[in-house]
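Undergrad: The structure's right below; bear with me while I get my questions together.
The values are calculated or read from the model by the stated rules, or taken from the named source; none is laboratory data. This is a predicted model, so every value here is computed, not measured. Note that we place each Cβ from the backbone using ideal geometry, even for glycine, and neighbour counts take in every protein chain shown.
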Amino acid sequence: MSTMTKTSLLEWLEQNEPVTYGNFINGKWELSSSGQTFSISNAGNNKQLLASFQDSVEKDVDLAVKAANQAFQSWSKVPGPERGAILYRFADLLEENVDELAYMLSAEQGKALGESKGEVFRAAKETRFSAGEAFRAEGKTLPAERQNVWNSTVRKPVGVIAAIGPWNFPVVTPVRKIVPALAYGCTVVFKPASVTPWTTVRLMELFAEAGVPEGVVNLVVGSGSKVGDPLVKHPLVKGVSFTGSTKLGIRINEIAARNLTKTQLELGGKNPAVVLDYENVEEVAKQITGAAFACTGQRCTAISRVIVVEEKKAELTEALLKEMKKIKIGPAWEDEVTMGPLVNREQLNTVQKYLEIGKQEGARLLYGGDILTEAKYQKGSYMVPALFDQVTPEMRIAKEEIFGPVLSILTVETQEKAFEVANNVEFGLAASIFTKDVSAAYKFADVVESGMVHVNHGTASAAHLPFGGTKQSGSGAFSIGSSNIDFFTELKAVYFQY
């Protein structure tokens with residue numbers, strides 16, 4: 001494990017000397033041809049500079065894609081077990097460096113240190129699953145319709161993958177895109193979110209240390225317009241894996257379609273928790289609040305709508321308030337903190353606007369929403385998690401993704417109405433139901449319009465199951481699990497006459 005366990009996050013940050021990082025292209029750190037850089041600060045202390053990065057342009061993208069394309073010629077021919085062995089080594093390195101990675105993650109993104117460490121360990125789990133998939137790129141042998149003909153299908157890697165990550169999970173999301181690509185024989189150019197590029201730099205170093213050859217994984221940092229668009233448009237890019245907003249995902253899909261480039265899109269969510277009945281209301285409230293306020297509510301699978309039948313509303317609301325009041329807000333380096341700041345002031349302002357919208361629409365703010373500004377909160381974007389009730393399905397706070405610590409309670413009369421309200425949004429990523437009725441649980445799993453369904457627990461996914469959404473929440477092959485093969489490989493049919 002990491003040798004940094006005796007050093008606290010705060011001490012580590014005080015010792016950090018900000019440096020300027022280059023792009024990682026063809027195994028080397030390169031300065032951008034633009035000659036420009038930008039800097040990021042500590043999410044919990046915006047007066048503290050963390051590091052500077054390249055403000056890259058199209059020329060840098062072209063260099064990285066060409067390097068990846070050249071590396072593909074040899075990497076795609078490396079036997080699957082050898083690719084898998086390198087990835088298993090990378091998983092070990094993630095765990096060996098868990099403290100450093102978690103410190104970097106918490107500093108740039110703001111999430112509580114326990115969450116950051118959990119993210120690193122989750123990345124290692126997903127890596128090991130994908131490393132095993134390098135052994136299992138299976139084809140089929142099929143009966144022939146003519147004599148003396150042998151029919152089969154094989155899987156071949158598609159080529160260079162453009163991977164574009166979000167700012168909320170800067171360790172697990174890059175790993176979730178890069179590792180399966182490598183397992184199946186593809187090469188990658190990764191563009192991190194400009195808000196949180198720091199941990200990605202360390203990931204590049206660990207890939208190299210694990211034995212990934214030069215050019216197989218490349219990193220180009222910069223804005224969406226200067227880096228993202230040229231990357232998606234590049235004719236040598238054969239697949240685009242993107243996680244982010246629905247609006248941007250649709251735009252990426254439109255651009256990629258001009259070259260018939262494959263896309264794998266993980267987009268927004270407005271995830272419901274339907275509550276019909278239960279044995280233990282405290283456990284239900286714990287599951288819902290955990291799913292709603294992890295990562296300060298800044299995750300696509302966060303529960304943001306509680307749809308509860310009338311007779312359970314009062315009891316559940318009381319239990320939710322009790323759980324929310326247990327949340328300890330503060331900077332990641334403080335012991336027992338369970339919710340950090342929002343990633344920056346812009347995101348805080350967006351969430352605050354939705355609080356005003358909710359009140360203007362007639363919803364009642366039962367708890368929270370306050371911006372914290374005193375003492376230790378002065379240098380970050382902290383707010384108390386908010387709970388609304390008297391919310392109706394037509395309100396914007398019930399339909400639009402807020403991407404912050406805001407939970408709404410909607411009351412319904414019947415099970416049928418609960419299911420109808422759950423589907424009454426444009427998103428379809430994750431959904432939960434809490435009930436003792438097995439028949440109701442199965443019916444919900446059948447009729448709810450979402451890519452993932454959770455029965456009697458929150459929206460936590462597993463490291464080996466397909467992850468994705470329907471409607472405006474996603475397009476293309478699901479990620480994480482075995483479904484990745486449909487994105488990172490293409491099918492080839494072979495007819496052999498003898």
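Undergrad: Out of Val188, Val179, Val158, Val171, I need the residue that is farther than 13 Å from Asn218 by Cα and either charged (D, E, K, R) or more than 14 Å from the chain's Cα centre (by Cα) (or both). Which one?
TA: Residue meeting the stated conditions: Val158.
Undergrad: Do you know which of the residues in region 299-314 that are assigned to a strand (DSSP E or B) and under 29 Å from the mean Cα position of the chain (by Cα) is surrounded by the most Cβ atoms within 10 Å (Cβ to Cβ)?
TA: If we take residues in region 299-314 being assigned to a strand (DSSP E or B) and under 29 Å from the mean Cα position of the chain (by Cα), then Val306 is surrounded by the most Cβ atoms within 10 Å (Cβ to Cβ).
Undergrad: Being part of a loop (DSSP other than H, G, I, E, B) and touching a residue at least 12 places away in the same chain (Cβ under 8 Å) is the filter here; which residues of region 263-281 pass it?
TA: Of everything in region 263-281, those that are part of a loop (DSSP other than H, G, I, E, B) and touching a residue at least 12 places away in the same chain (Cβ under 8 Å) turn out to be Leu267, Gly268, Gly269, Lys270, Leu276, Asp277, Tyr278, Glu279.
Undergrad: Okay, moving on. Go through (1) closer than 24 Å to Pro170 by Cβ; (2) free of Cβ contacts under 8 Å to residues at least 40 places away in the same chain; (3) in contact with an Asp or Glu (Cβ under 8 Å, 6 or more places away or on another chain) one by one and return the number of the condition Lys286 breaks.
TA: For Lys286, the exception is condition (1).
Undergrad: Let me ask something else. Quick check on region 137-145. Is at least one of its residues buried (at least 24 other Cβ atoms within 10 Å of the Cβ) and under 26 Å from the mean Cα position of the chain (by Cα)?
TA: Looking through region 137-145, none of the residues is buried (at least 24 other Cβ atoms within 10 Å of the Cβ) and under 26 Å from the mean Cα position of the chain (by Cα).
Undergrad: Can you find, within region 146-161, the residue that is surrounded by the most Cβ atoms within 10 Å (Cβ to Cβ) among those that are under 26 Å from Phe488 (Cβ atoms) and among the basic types (Lys, Arg)?
TA: Arg155
Undergrad: Take Val284 and tell me if it is of a type in the set (Val, Ile, Thr), surrounded by 24 or more Cβ atoms within 10 Å (Cβ to Cβ) and not in a helix (DSSP H, G or I).
TA: no
Undergrad: Which of the residues that make up region 78-106 are under 22 Å from the mean Cα position of the chain (by Cα) and among the hydrophobic types (A, V, I, L, M, F, W, C)?
TA: The answer is Leu87, Phe90, Ala91, Leu93, Leu94, Val98, Leu101, Ala102, Met104, Leu105.
Undergrad: Test Thr470 against the stated conditions and say whether it is under 22 Å from the mean Cα position of the chain (by Cα) and of a type outside the set (Phe, Trp, Tyr).
TA: yes
Undergrad: Would you be able to say whether some residue in region 42-51 is under 20 Å from Asp229 (Cβ atoms) and either in contact with a Leu (Cβ under 6 Å, 6 or more places away or on another chain) or crowded, with 18+ Cβ neighbours inside 10 Å (or both)?
TA: Checked against the condition, which is being under 20 Å from Asp229 (Cβ atoms) and either in contact with a Leu (Cβ under 6 Å, 6 or more places away or on another chain) or crowded, with 18+ Cβ neighbours inside 10 Å (or both), region 42-51 yields no hits at all.
Undergrad: Show the residue pairs that are 6+ apart or on different chains and have beta-carbon atoms under 7 Å apart, the first residue being within region 57-75 and free of Cβ contacts under 8 Å to residues at least 40 places away in the same chain, the second being crowded, with 17+ Cβ neighbours inside 10 Å.
TA: Partner pairs satisfying both residue conditions: Leu63/Ile25.
Undergrad: Find all pairs meeting these conditions: Cβ atoms under 6 angstrom apart; at least six residues apart or on different chains; first residue within region 309-337 and of a type in the set (Gly, Ala, Ser); second residue modelled with pLDDT of 95 or more and part of a loop (DSSP other than H, G, I, E, B).
TA: Once the first residue is of a type in the set (Gly, Ala, Ser) and sits in region 309-337, its partners that are modelled with pLDDT of 95 or more and part of a loop (DSSP other than H, G, I, E, B) give Gly330/Val337; Ala332/Gly44; Ala332/Ala112; Ala332/Gly340.
Undergrad: Answer with yes or no whether Leu491 is crowded, with 19+ Cβ neighbours inside 10 Å, in contact with a Ser or Thr (Cβ under 8 Å, 6 or more places away or on another chain) and of a type in the set (A, V, I, L, M).
TA: No.
Undergrad: A further question follows. Condition (residue is part of a helix (DSSP H, G or I), without any contact (Cβ under 8 Å) to a residue 60 or more places away in the chain, farther than 30 Å from Asp99 by Cβ and not basic (Lys, Arg)) applied to region 343-350: is it met by at least one residue?
TA: Within region 343-350, one or more residues are part of a helix (DSSP H, G or I), without any contact (Cβ under 8 Å) to a residue 60 or more places away in the chain, farther than 30 Å from Asp99 by Cβ and not basic (Lys, Arg).
Undergrad: Looking only at region 216-249, count how many residues are part of a helix (DSSP H, G or I) and touching a residue at least 12 places away in the same chain (Cβ under 8 Å).
TA: Residues flagged as part of a helix (DSSP H, G or I) and touching a residue at least 12 places away in the same chain (Cβ under 8 Å) within region 216-249 amount to 12.
Undergrad: Evaluate region 15-26: report whether one residue or more is over 28 Å from Val212 (Cβ atoms), loosely packed, with under 15 Cβ neighbours inside 10 Å and out of contact with any helix residue (DSSP H, G or I) (no Cβ under 9 Å at 6 or more places or on another chain).
TA: Within region 15-26 (the criterion being over 28 Å from Val212 (Cβ atoms), loosely packed, with under 15 Cβ neighbours inside 10 Å and out of contact with any helix residue (DSSP H, G or I) (no Cβ under 9 Å at 6 or more places or on another chain)), the answer is yes, since at least one residue qualifies.
Undergrad: So, one more: Do we have Lys111 as assigned by TED's automatic domain parsing to the domain that holds Gly159 and either among the polar types (S, T, N, Q) or surrounded by fewer than 20 Cβ atoms within 10 Å (Cβ to Cβ) (or both) here?
TA: no
Undergrad: Specify which of the listed residues (Thr296, Thr317) is of a type outside the set (Lys, Arg), at pLDDT 95 or above, in a helix (DSSP H, G or I) and crowded, with 22+ Cβ neighbours inside 10 Å.
TA: Thr296
Undergrad: Another question about this same structure. Within region 198-214, count every residue that is in a loop (DSSP other than H, G, I, E, B) and buried (at least 24 other Cβ atoms within 10 Å of the Cβ).
TA: Counting residues in region 198-214 that are in a loop (DSSP other than H, G, I, E, B) and buried (at least 24 other Cβ atoms within 10 Å of the Cβ) gives 1.
Undergrad: Can I ask one more? What's the number of the condition Ala68 fails, among (1) out of contact with any Pro (no Cβ under 7 Å at 6 or more places or on another chain); (2) surrounded by fewer than 23 Cβ atoms within 10 Å (Cβ to Cβ); (3) of a type in the set (A, V, I, L, M, F, W, C)?
TA: For Ala68, the failing item is (2).
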